[in-house]
1. Taking only C-alpha pairs under 8 Å that are 6+ residues apart, what is the relative contact order of chain A in percent?
2. What residues have an amide H closer than 5 Å to that of A:Cys127, excluding those fewer than 5 places away on the same chain, when H is modeled at 1.01 Å from N in the peptide plane?
3. Using a 1.4 Å probe on the protein heavy atoms only, what accessible surface does B:Val257 show? Give it in Å² to the nearest 10.
4. With charges set only on the Cβ (+1 for Lys and Arg, -1 for Asp and Glu), what does the dipole of the stretch B:2-175 come to about its Cα centre, in debye to the nearest 20?
5. Checking the cross-link filter: which lysines have an alpha carbon closer than 20 Å to that of B:Lys60, excluding same-chain neighbours under 8 positions apart?
6. Which percent of the accessible heavy-atom area of the protein assembly as shown goes to carbon and sulfur, probe 1.4 angstrom?
7. Roughly how many Å² of B:Leu155 are accessible to a 1.4 Å probe, to the nearest 10?
8. Going 7 Å from Cα along the Cα-Cβ axis for the label, what nanometre distances separate A:Gln285 from the same residue across the other copies?
Protein chains: 2
Amino acid sequence: MKIGIIGSGAIGLYYGARLQRIGQEVHFLARTDFESIRKNGIQIRAGDGDFTLNPVNVHKSSETIGVCDLVIVAMKATSNHAVESLTRPLVGEATTLLTFQNGLSNDRFLTGLFPGHRVLNGLCFICLNRVDPGVVDCFILGSISIGEFKAKASLFTQQLKDIFNEAGMNCSVYDDLQLAQWKKLVWNVPFNGLTIAGGGITTQDILEDSGLSQLVLDLMNEIREGAAALGMSISSDFPQEQIEKTRGMGPYKPSSVIDFLQKKPVEVEAIWGEPLRQAQAAGVQLPKLEMLYHLLRITCSGDRLARA
Amino acid sequence: MKIGIIGSGAIGLYYGARLQRIGQEVHFLARTDFESIRKNGIQIRAGDGDFTLNPVNVHKSSETIGVCDLVIVAMKATSNHAVESLTRPLVGEATTLLTFQNGLSNDRFLTGLFPGHRVLNGLCFICLNRVDPGVVDCFILGSISIGEFKAKASLFTQQLKDIFNEAGMNCSVYDDLQLAQWKKLVWNVPFNGLTIAGGGITTQDILEDSGLSQLVLDLMNEIREGAAALGMSISSDFPQEQIEKTRGMGPYKPSSVIDFLQKKPVEVEAIWGEPLRQAQAAGVQLPKLEMLYHLLRITCSGDRLARA
């Protein structure tokens, strides 16, 4: 399968490298890190074994990649304005698109750009950090859930799951993608949000503070309420299970807080704004999410950084 | 009347200078700014006329002030641990204590230190900035409300009001001090809080943003709910009136956000923690205040500043 990866951050490099290692034809689009990856390849350090790939098919421009069977969009949702021009040269008649982006509505966005194409969503439950150009550390192997936007999983999606599992990605297929997305938000909303709102603290700092731990639980339950208003049921045990898993991760900084500390754009609308708006449209108020969203909107704006 | 002023920030200097100007015997306790004030006096720039006082009775130590008729505590509540030792030398049998500090419970704290003494609370509705040692700019003359802790206003308090008005302080006496305090929180909770949580923005930045303006209104209404649970009624028009007043203030930075930006302690417990706890003890949940409080607790801790 010819696979194009748009974006060479931690997610794109990590999954792309795993797919190349099992013999798939993978092409990486890289901009700032192009020279370094061309020269040094990609290095992955993970619990099931470190590996280096050199050479890799790395491209400065989408034109040299050409049409692919599968395009994986692995850029931040904050760069969605650039997705169309970067992706279009890879999209032929039978191309499938798969978004690995955080938050809600990226699938709808891709469907809008490429109507009639199969669009998949991949939810990555994983702890990665891109520590250098082309170098990714994986702290927790985690898992990935894929599903189709507004459709039951097709045979293609089932086959993709098998390929992903051969690549060591621990993949499962969700029939209800929206539910899977909201379950992911149960983690992302409090932990990505409070680590930023706390000025760059870790998940461990949060869980060692009883007031912040309570906020985590309250935010998780607000997401459950939002999901319920949209017709999805998330078990009442789920928040506590997520908290226990997070304790096992030690002093982790989610990708959003790393972006924040490096003064890069943060996916405020996709992770906090969109679920709040969807819940409000369904008639429920999520006051703590609302507070967090508006504060993050200000805290993460370049405007604020210039002003303070 | 012999008046001792503990603390030479904006509030202490401003009100002390006004009282000295009408002939009261005022003594200022200053630490870092002692030399500057001793040499240059105090300079006030205000809408009803600028003035400079030189010399002023400025002291490095409370011992040289001696017993006063009235002691005004004008330090931040975050320095309350130092209040006892700084204040005790000024307190004789008939001394009255008056706190000009932000937030709740400072009156209870003073009563605990000096049981049997008359303790007054002064709520300062004013926009001041101490721009240099001994130099205070007053943006809005505003007003001050005084009242007695757990007692109706005595003749002494009525007389004090007259003196304060002679000094141009626009003073009134409240019988229900607790109500007055909660009404002041209606302003302080959202504006002091969101200017900090926004990373150092102004009241105008907040009011020009529709999401943050809604949070202001929501927080104000939560304070009304908290007050109601404690048996006090604040009019439903009051929040909107406060917002309109604030529009007239232009791009104002409340004292808390200036402290925050200068990495000085912020009165997080007095302004946000204590009203939240009192409301929770009375059986109401104030979710947006709860969120804001815990975030400010982290954002304003020296710990975070060291870590980020």
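The values are calculated or read from the model by the stated rules, or taken from the named source; none is laboratory data. Given the structure is predicted, the values throughout are model-derived calculations rather than measurements. Here the Cβ positions follow ideal geometry from the backbone for every residue, glycine too, while neighbour counts run over all protein chains shown. The protein model used for the area step is the full one, side chains on, heavy atoms only, and it has no ligands, DNA or RNA in it. Shrake-Rupley method; radii C 1.70, N 1.55, O 1.52, S 1.80 Å.
1. After rounding, I find 15 percent.
2. Long-range HN contacts for A:Cys127: A:Phe139, A:Ile140.
3. Spelled out: B:Val257, probe radius 1.4 Å, area about 0 Å².
4. That gives the stretch B:2-175 a dipole magnitude of about 220 debye.
5. Partners found: B:Lys2, B:Lys39, B:Lys76.
6. 49
7. B:Leu155 has an accessible surface of roughly 120 Å² with all protein chains in place.
8. From this label point to the equivalent ones elsewhere in the assembly: 1.2 nm.
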